[in-house]
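J.: After the structure tokens below, expect a handful of questions from me.
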Amino acid sequence: TRVIEYLGERISHAEADRRYEDKDINDNHTFLFTVDARTVLDAGVGGNAARYINHSCDPNCESVIEKGRVFIDAVRDKKAEDVVALDLRTSDAFTDFFIVCTGTNRRQVQAIADGVEMALKAKKVRPTHVEGYEKGEWILLDYFDFIVHVFLPSTRDFYALERLWGDAERVEISA
């Protein structure tokens, strides 16, 4: 399950070296990702919510570079479907991102939510609020800067968050 995308400024390798030449190699507040031979993503700038989630929460989390974009993946074996991130930062929303995904049955919806929560808990990131776990039709995990919504297909269709937040940039994410 894709948790969130690292955003930031795309810079050259030389610029990355210049910016961080005085930083200790073990400084955990530097989020640089080599995207390709010419480009580095400096994810430590630009109000990036992903910077609060350490990308190395192995074995439950890993950073993945796909088509020049950097994502945090959590618990791939849970098989979430139709994973979408909605970038709400330019809206009047109460959070920066929605991560929306679907499980095929209640047990899978709960397993996906458990997997996301476990992966982030390993990095000492806990939800401020969880709703809907008992019923397993729509589980909401509120991490303040982003909210994870895990739905049954019929519940996702009924509430249609992607339509409701239609002005948000929609980022299709492979599970």
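The values are calculated or read from the model by the stated rules, or taken from the named source; none is laboratory data. The shown structure was predicted, so the numbers you read here are calculated from the model rather than taken from an experiment. Cβ: placed from backbone, ideal geometry, glycine included. Neighbour counts: every protein chain shown. These accessible areas exclude ligands, DNA and RNA; they are computed on the full protein's heavy atoms, side chains included. Shrake-Rupley method; radii C 1.70, N 1.55, O 1.52, S 1.80 Å.
J.: Working out 0.36 nm times the residue gap between PHE94 and LYS79, then minus their Cα-Cα distance, what length gain in nm do you get to one decimal?
T.: On the way: separation 15, 0.36 × 15 = 5.40 nm, distance 2.83 nm.
Gain on extension, PHE94 to LYS79, equals 2.6 nm.
J.: In nm, to one decimal, how far is the ARG18 label point from the VAL35 one, both placed 7 Å along Cα→Cβ?
T.: Simple spin-label model gives 1.8 nm for this pair.
J.: Moving on to the next point. Which value, in Å² and to the nearest 10, is the accessible area of ARG18 when all protein chains are kept and the probe is 1.4 Å?
T.: Solvent-accessible area, nearest 10 Å²: 140 Å².
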